[in-house]
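Undergrad: This structure is in structure tokens; I'll ask about it shortly.
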Amino acid sequence: MKLIISTLVIFLSLEVSANYFEFFGTHVSTSGIGNQANLNPHDPANNYYIPAQMAFSETFNLSGSLTSVVTDFEPIDGIVVKNDSFQDPALNEEVGSVSTDYQKYYSGSLHLSLPLARKLGSIALSLSAPVGSLIETNSGNAFLPEYIMYRSRYRRTTAVLNYAKAFGEAWAFSLGTQIGFQAAATADTTVSIQSNYGSYGSMKSKVKPSLGLIFSTIYRPSEDFQAYFSYQQEMKNNLEANAFGKVSISTTTDYLLDLNITSMIFYDPHILRLGTGSQFGMVKLYTLLEYQMWGNYKAPLMRVAKRGGGIQPSSDYEVLKVNDIFVPKLGVGLVLTDEIELDLGIAYKPTPIDGDFSGSGNSIDSDSTILTGAALYKTKLFEIPLQLGGSLQYHMLEDRTVTKTAGLENGDAGNKIGAPGYKIGGSVIVGSLGLTMNY
């Protein structure tokens, strides 16, 4: 049975959608100003935030970056890690620690924009992927404390494709898509235990793409000012699998297996963006307000449902409540010379998870204040304009104290998982190196 479930989960987790860009920015030129678009229409890293801006460029633009993400969360020690809601009541309650030491993440990003002939507009593509792999997934522990936004939500390939067209000298519009995949599989197997024959089975699967709408418009009357609006549709990447078979214990005894596995392994909300960019002499000022709609979010826990046989379904006691959130961002660019620019930014991102985490379930998150900075240097190589840069981000999670209410998750007397309580908080550090060229 473990073999069946493990195989299905590994395969079905091959899903693609956007989110790394929303977390940490698209490139050093955007992350340094608080993860928002800059004033440069020749910077293809703006394609994620305001793809309509690409319509004002008549050059081929290419940018790439390498990024490292390191998390440092508060330790969680001395809490209940096993209780009668999730194990045989004959076993004793266990107290222990939960690891919050999540693996470092390395990613690479690529952006390009290409003008079409006869002023027919531009197309732009943005990609981001884990270094050395297509995707990294982890549904997290079924009942222990888990930072659900940071375990694996951004550890995946991101793909965004847009078409932009200018109308007149100051207006442009774009239409595009973010690309995702939905996967399903069915397994039929017989696992032999203490029998005269070996295990065997068959499996079939299906992976299909799913698309999310992206729309944007920009008003850019001069090189020193722009105002824009963009909309990005939500993307739900679902895992679903059916497994049927039997465990042959002896020549006369079979244990039936018939179950359904589901998980919303990744989710990206509807995002509406309203932003501006202005330049006053050597100073560039950027503002952005995002409205994120999280109404359809589910924690990425794996849920097992019984369809028949002897397998018992998951004990799903957690009920998440989510809120829509506003994310304000402010950025400043200082043009020191024709070649050197320094960027600074700040953003505030509330958690969409509502409540104090005192009840059943241990999916946790906290509000974060994001401080950013970058240094950019312009030069030429064989008369090709280049921009080199590096950026740093520091995400500070607000400290919160969780105090678990009395009683087991199923309502009986006892202590919940996570009791008596623990502290939420910590930080995330992001470092990036990037290059942009235009020709």
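The values are calculated or read from the model by the stated rules, or taken from the named source; none is laboratory data. Values in this document were obtained by computation on a predicted structure and should not be read as measured data. Note that each Cβ is placed from the backbone with ideal geometry, even for glycine, and that neighbours are counted across all protein chains shown. Calculation scope for accessible area: heavy atoms of the full protein, side chains included, ligands and nucleic acids excluded. Shrake-Rupley method; radii C 1.70, N 1.55, O 1.52, S 1.80 Å.
Undergrad: If you stretched the chain out fully between ALA227 and THR369, how much longer would it get, using 0.36 nm times the residue separation minus the C-alpha to C-alpha distance?
TA: 48.7 nm
Undergrad: Take the solvent-accessible surface of the protein heavy atoms, probe 1.4 Å, and return the percent of it on the chain that carbon and sulfur atoms account for.
TA: 60 percent
Undergrad: Ok, one more. Cross-link candidates for LYS119: which aspartates and glutamates have Cα within less than 14 Å, leaving aside residues fewer than 8 places away along the same chain?
TA: Within reach: GLU58, GLU169.
Undergrad: Taking the 0 to 90 degree range and rounding to the nearest ten, how far is the long axis of helix 2-12 tilted relative to the main principal axis of the chain, both from C-alpha atoms?
TA: With rounding to tens, the tilt is 20 degrees.
Undergrad: Let me ask something additional. Please go through the residue pairs LYS82/LYS404; LYS165/LYS349; LYS236/LYS306; LYS298/LYS423; LYS165/LYS380; LYS82/LYS349 and name each one whose alpha carbons sit more than 26 Å apart in this structure. Spell out each step's value before the answer.
TA: Values: LYS82/LYS404 14 Å; LYS165/LYS349 32 Å; LYS236/LYS306 24 Å; LYS298/LYS423 23 Å; LYS165/LYS380 29 Å; LYS82/LYS349 33 Å.
Over 26 Å apart, Cα to Cα: LYS165/LYS349; LYS165/LYS380; LYS82/LYS349.
Undergrad: Counting helices only, and only those DSSP H runs with n ≥ 4, report the 222 nm mean residue ellipticity of the chain as the sum of -39,500 (n - 2.57) divided by its residues, in deg cm²/dmol to the nearest 500.
TA: Result for the chain: -1000 deg cm²/dmol, rounded to the nearest 500.
Undergrad: Still on this structure: Rounded if a/c is under 1.5, else prolate if a/b beats b/c, else oblate: with a ≥ b ≥ c from the C-alpha gyration tensor eigenvalues square-rooted, which is segment 255-308?
TA: Prolate shape, in that a/c is at least 1.5 and a/b is the bigger ratio.
Undergrad: In what sequence, highest mean first, do 225-232, 19-26 appear when ranked by Cβ atoms within 10 angstrom?
TA: Those peptides, ordered most packed to least, come out 19-26, 225-232.
Undergrad: Also, I was wondering about something else. What full-extension length gain, to one decimal in nm, is calculated for ARG118 and GLU93 as 0.36 nm per residue of separation minus the Cα-Cα distance?
TA: 1.8 nm
Undergrad: Still on this structure: How much area per residue is accessible in the chain when the probe is 1.4 Å and only protein heavy atoms are counted (Å²)?
TA: On a per-residue basis, 45 Å².
Undergrad: Report the calculated FRET efficiency for SER192 and PHE60 (r = Cβ-Cβ distance, R0 = 60 Å), to the nearest 0.05.
TA: Here the calculated transfer efficiency is 0.50.
Undergrad: Here's another thing I want to ask about it. Figure the gain on full extension for ASP324 and LYS82 (residue separation times 0.36 nm, minus the Cα-Cα span) and round it to one decimal in nm.
TA: Fully extending the segment from ASP324 to LYS82 adds 83.8 nm.
Undergrad: While we're on this one: Per q in 0.07, 0.09 1/Å, what log10 I(q)/I(0) does a Debye calculation on the alpha-carbon atoms of the chain return?
TA: Evaluating at q = 0.07, 0.09 Å⁻¹ gives log10 I(q)/I(0) of -0.41, -0.64.
Undergrad: While we're looking at this one, here's another question. Count the DSSP beta bridges whose two residues both fall in the chain, then state the antiparallel fraction as a percent rounded to the nearest 5.
TA: Details: 176 of 188 bridges.
Restricted to the chain, the bridges split so that about 95 percent are antiparallel.
Undergrad: Counting only protein chains, not ligands or nucleic acids, how are GLU341, GLU240, GLU74 ordered by accessible area (probe 1.4 Å), most first?
TA: From most accessible down to least: GLU240, GLU74, GLU341.
Undergrad: Next question, about the same structure. How would you order 258-268, 30-40 from highest to lowest mean count of nearby Cβ atoms within 10 Å?
TA: The densest-packed peptide leads the list: 30-40, 258-268.
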